[in-house]
Structure formats: structure tokens, C-alpha cells
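In what follows, a single structure is set out as C-alpha cells and then discussed.
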Amino acid sequence: MVRSGWVVLVLAVAAPAYAEGPPTPFDQGRVSINLAVTEQTAFDTSRFGLGAGVGYFVLDGLELGAFGMHMFGSGPSLDEVSPSISYTAQPLVGSWPVVPYVGAFYNHWFVGDGLSDIDALGARAGLVRLSGQLIIGFGIAYERTVSTCSSSCDTVYPDITFGFTF
């Protein structure tokens, strides 16, 4: 599958009490809600996808997440589930204009019409900028199909984030 675009809307909610400094969207105990819109080519057809996920910051900057998406288009049905882990350099918030992040994920695609499901491993990295309650980020993601693939097993695509904190 080829991802030609990936936009994620992140809503960081459930602010915990904080002991030092002002709160950030990446503090331990925070919850993030992710909404995604994408366009991909799979099985020789262009598809539109809608997805949603949730993340929880188990430590400052360290988030465990889960995501699901359904792809709309002709051909076999496609549904994705994806657990992930990411780290945003939370100690740099407020002292740097942009904050780096890195992450890793596993994707499992449920493929209809009796075709084999698809598994992939991936990584992402980039920078986020906080401006008041707005989060804007840009990075790059790399995904490698680890199950049988019929064409290129490697995909690189932009990792774009727009978010709001509450």
C-alpha cells in the first residue's frame, strides 16, 4: 500500500495536576485523541481513509497509543489497527521553538475478499511546535511490510500533525 498523505488531528485532554513548571500536552497522565484523514493507493485503486486513536502518556513525553482506520474505495475491504509508542522531548517544551519526537508502530491490515492480511512495522520522527493551545508538527514516517508483499515493501510518507490542547 502506498500512503500519499497522512494528516492527524491530536486533541490532548485530561490535564493532571503538575508539580513543576507549566503543564504541557506531553505530561504523564495526559490523554491524546487522534483523528486521521488519508489518501492511499492499494490494490491498484485510490482510497480515502478515516481513522481514530487514543494515546496515554505513561511518563512525561512517553506515549502508548492505539489507532484504527477504515479505507473507503473499490476492491477488497481494508481496515487497519495499529499499536504504537512514541517519545516527545517534553523537557524542551518552552525552551526550544520546536520539540523533536520519535516513535515506532506496528500496523495490521485486515483485507477482505479472502486475501491475506498485511503486517507492517514502522518508525516516525519529526518536530512539533506549540503555540498557545495549538500543536503543529511535521515529520517523516517509514513503513516496512513484513508479511508477503507484491511490490515494494518499503513506504516513506509525510507525518503531519495539527492539534489542540485543553
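The values are calculated or read from the model by the stated rules, or taken from the named source; none is laboratory data. As the structure is a computational prediction, the values presented were derived from the model and not from experiment. When we count neighbours, we look across all protein chains shown, and the Cβ atoms used for this are built from the backbone with ideal geometry, even at glycine. Each accessible area value is taken on the protein alone, full model and side chains, heavy atoms only, with ligands, DNA and RNA left out. Shrake-Rupley method; radii C 1.70, N 1.55, O 1.52, S 1.80 Å.
Out of LEU62, LEU35, I need the residue that is under 18 Å from the mean Cα position of the chain (by Cα) and at pLDDT 95 or above. Which one?
Numbers: LEU35 fails: at pLDDT 95 or above.
Step by step, each of LEU62, LEU35 is checked, and only LEU62 is under 18 Å from the mean Cα position of the chain (by Cα) and at pLDDT 95 or above.
Checking ARG47 against (1) open to solvent by less than 80 Å² (accessible area, probe 1.4 Å); (2) more than 15 Å from the chain's Cα centre (by Cα); (3) free of Cβ contacts under 8 Å to residues at least 60 places away in the same chain; (4) within 24 Å of GLY163 (Cβ to Cβ), which test does it fail? Condition (4) is where ARG47 drops out.
Residues in region 156-166 that are at pLDDT below 90 and either of a type outside the set (A, V, I, L, M, F, W, C) or over 25 Å from GLY53 (Cα atoms) (or both): 3 in all. Examine region 95-103 for a residue that is over 16 Å from ASP27 (Cα atoms) and loosely packed, with under 14 Cβ neighbours inside 10 Å, and state whether such a residue exists. Checked against the condition, which is being over 16 Å from ASP27 (Cα atoms) and loosely packed, with under 14 Cβ neighbours inside 10 Å, region 95-103 yields at least one hit. Go through region 125-165 and give me each residue that's within 15 Å of the chain's Cα centre (by Cα), within 23 Å of ALA42 (Cβ to Cβ) and free of Cβ contacts under 8 Å to residues at least 60 places away in the same chain. Residues satisfying the conditions are GLY139, ILE140, TYR142, VAL156. Name the single residue that is surrounded by the fewest Cβ atoms within 10 Å (Cβ to Cβ) among those in region 81-94 being touching a residue at least 12 places away in the same chain (Cβ under 8 Å) and more than 16 Å from the chain's Cα centre (by Cα). So, considering only residues that are touching a residue at least 12 places away in the same chain (Cβ under 8 Å) and more than 16 Å from the chain's Cα centre (by Cα), the one surrounded by the fewest Cβ atoms within 10 Å (Cβ to Cβ) is GLY94.
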